[in-house]
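Structure first, commentary second.
The values are calculated or read from the model by the stated rules, or taken from the named source; none is laboratory data. Owing to the predicted nature of the structure, the values given are computational and were not obtained by experimental measurement. Every residue, glycine among them, receives a Cβ derived from its backbone with ideal geometry; neighbour counts consider all protein chains shown. All accessible areas refer to the heavy atoms of the entire protein, side chains included, with ligands and DNA or RNA removed. Shrake-Rupley method; radii C 1.70, N 1.55, O 1.52, S 1.80 Å.
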Amino acid sequence: MPHHSSWLDETATATAEGGHVRTDDGGLSTALASPLAQHCTGLSPSQLLAAAFASCLHHAAVEAAGEITDEAHTVQVRAEAKLGRDDEGRYLADVHASISSVGLTRQQLDVLVEYADRLWPFSSGDASRHRLTVTPAENGRH
């Protein structure tokens, strides 16, 4: 496993407003559920969180599988996300993800899962590997 301590060249940007979320490149554009209008249909924060975790972990798992098998294209990741609130009203996220891949022995799958979890910035064993900084946007800028 090569060690890199630099950021990848790709930066993704998404905007959520007016009941929709979209990526700036147009790769994703979908309606959002709204806490202000429960009758609205669209993806909920839990659904988006599950999709994001599944996507990120899938990327890491495919990379990890390439070290274990020629069948990396069979990797499947399933993520379940649940949101809750702590006593101070802050949101909590509980995400469970599972990885499968056709043709791997149980031992190979265990190695794959461990390897992918270490690659992924939101690993199950190390909460210090990620940081979220929230700042106000400048008026009129997206």
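Just a few scattered comments:
- Solvent accessible area, Å² - T105, 1.4 Å probe, full protein context: 80
- Structure-derived log10 I(q)/I(0) by the Debye sum over Cα atoms at q = 0.11, 0.12, 0.15 Å⁻¹: which label, when the choices are [x] -0.55, -0.65, -0.96; [y] -0.37, -0.44, -0.70; [z] -0.52, -0.61, -0.87: [x]
- Once exposed loop trypsin sites (Lys or Arg not before Pro) are cut out (DSSP; at most 16 other Cβ, 10 Å), longest piece of the chain: 1-89
- Selected from A16, S6, A54, residue furthest toward positive end of dipole (the chain; charges at beta carbon): A16
- Radius ratio Rg over Rh of segment 44-88, counting only Cα atoms, Kirkwood formula for Rh: 1.19
- Considering only A37, A116, A52, the Gaussian network model of the chain with Cα springs below 10 Å gives its largest mean-square fluctuation to A37.
- Compared with the dominant Cα axis of the chain, that is its longest principal axis, helix 106-119 is turned about 50°.
- The sum of -39500 (n - 2.57) across all DSSP H runs of n ≥ 4, divided by the residue count of the chain, sets its helix-only mean residue ellipticity at 222 nm to -8500 deg cm²/dmol.
- Of the whole protein surface, V113 contributes about 60 Å² of accessible area at a 1.4 Å probe radius.
- Accessible area in square angstrom per residue, the chain, 1.4 angstrom probe: 79
- Rounded FRET efficiency, nearest 0.05, which uses the C-beta distance separating E138 from A52 and R0 of 35 Å: 0.85
- Helix axis angle, 45-65 relative to the chain longest principal axis, alpha carbon, degrees: 20
- Accessible heavy-atom area order of W120, W7, highest first, probe of 1.4 Å: W7, W120
- Carbon and sulfur %, accessible surface of segment 47-106 computed with the full protein complex present, 1.4 Å: 49
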